[in-house]
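Some notes on the structure that comes next.
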Amino acid sequence: MTRIDLHAHIGVWPFPAPAGDPVERLLRFCDREEIEFPVCSSGLALYCDMEAGNAELAEALDQDARLLGYVYVNANWLDRSVAELERYLGSRKFVGAKIHPRMSAVPEDAPMMADLIAAVAERTRLLLMHTVDRNSVRVMGRHAARHPDLSIILAHAANTDSDEAARVAAEHRNVFLDFASEWPGAGRVRRAIDICGPEQIVYGTDMDLLDPAYARGMFEAADLSADEARVIYRDNAARILGL
């Protein structure tokens, strides 16, 4: 079964990684994992330089029809972030925005973050938000209530607090979970399905930062029915992206 991966990356990371062209490496994973569309953010933008990373990603996306992208934005620089959103969201290749509160050192409940999320919601209908714990997903639930037309993916499903993330998704139908993680966490996916239903879960792997086999293994261990697999692997993402 083909999949749509709503949490991928293109770029060079600041630690040891396989050699070679990052785009070729990502596409090899796509071929191996039957990933139809990976939606990517820039490693360079995330770790170092927002504008240069987004520009690098824009060039990379043009190399293959399958590649789609998130504009990375940072709450420390609202005006610069708005300029990046307006620069790239007009392209058919960019489908949403990515925010990483920990990398920017601006928490989810900060006024600056509220301003940035509002700016995102005015310009796109999709936000991938890095989340780490129950507090972060609860705050994102409040943002979701303020912006009901914005689909918010809670990246990593709050890690060890994924049950709480699932409860937030059950309360807010514009909130979705991805389970990208280097910590597989036995039972996380099945418990989330039982709490919020498969319609609130999307497939995300964190490739090529992580081998996508980690995410695939979590879902294979969840004993998905054929309908659950279709909804999680493709249908939810296709609906969010308007495919």
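The values are calculated or read from the model by the stated rules, or taken from the named source; none is laboratory data. From a predicted model like this one, the values you see are computed outputs, not experimental measurements. Glycine gets a Cβ as well: all are built from the backbone with ideal geometry, and neighbour counts include every protein chain shown. Ligands, DNA and RNA are excluded from the accessible area calculation, which covers all protein heavy atoms including side chains. Shrake-Rupley method; radii C 1.70, N 1.55, O 1.52, S 1.80 Å.
When the residues of the stretch 180-205 are filtered to those that are at pLDDT 95 or above and in a loop (DSSP other than H, G, I, E, B), the one that is surrounded by the fewest Cβ atoms within 10 Å (Cβ to Cβ) is 197. Close Cβ contacts (under 8 Å, 6 or more residues apart or on different chains) running from residues in the stretch 209-233 that are over 13 Å from residue 5 (Cβ atoms) to residues that are open to solvent by 80 Å² or more (accessible area, probe 1.4 Å) and at pLDDT 95 or above comprise 231/199. Looking at (1) modelled with pLDDT under 95; (2) buried (at least 16 other Cβ atoms within 10 Å of the Cβ); (3) under 28 Å from residue 22 (Cα atoms); (4) out of contact with any Phe, Trp or Tyr (no Cβ under 8 Å at 6 or more places or on another chain), which one does residue 134 not meet, given that it meets all the others? Exception for residue 134: condition (3). Restricting attention to the stretch 3-41, the residues being under 21 Å from residue 240 (Cβ atoms), open to solvent by less than 30 Å² (accessible area, probe 1.4 Å) and among the hydrophobic types (A, V, I, L, M, F, W, C) number 9. Does at least one position in the stretch 211-222 carry a residue that is in contact with a His (Cβ under 6 Å, 6 or more places away or on another chain), of a type outside the set (Val, Ile, Thr) and either surrounded by fewer than 17 Cβ atoms within 10 Å (Cβ to Cβ) or under 22 Å from residue 31 (Cα atoms) (or both)? Within the stretch 211-222, none of the residues are in contact with a His (Cβ under 6 Å, 6 or more places away or on another chain), of a type outside the set (Val, Ile, Thr) and either surrounded by fewer than 17 Cβ atoms within 10 Å (Cβ to Cβ) or under 22 Å from residue 31 (Cα atoms) (or both). Of the residues 85, 57, 89, the single one that is among the aliphatic types (A, V, I, L, M) and under 29 Å from residue 216 (Cβ atoms) is 57. Looking across the stretch 47-65, just one residue is in a helix (DSSP H, G or I), without any contact (Cβ under 8 Å) to a residue 12 or more places away in the chain and open to solvent by 50 Å² or more (accessible area, probe 1.4 Å), and that is 59. Restricting 44, 85, 89 to residues that are open to solvent by 10 Å² or more (accessible area, probe 1.4 Å), closer than 18 Å to residue 152 by Cβ and not hydroxyl-bearing (Ser, Thr, Tyr) narrows the list to 89.
Scanning the stretch 223-240 for residues that are in a helix (DSSP H, G or I) and surrounded by fewer than 18 Cβ atoms within 10 Å (Cβ to Cβ) yields 226, 227, 230, 235, 238, 239. All conditions in (1) surrounded by fewer than 24 Cβ atoms within 10 Å (Cβ to Cβ); (2) within 25 Å of residue 80 (Cα to Cα) hold for residue 120, with the sole exception of (1).
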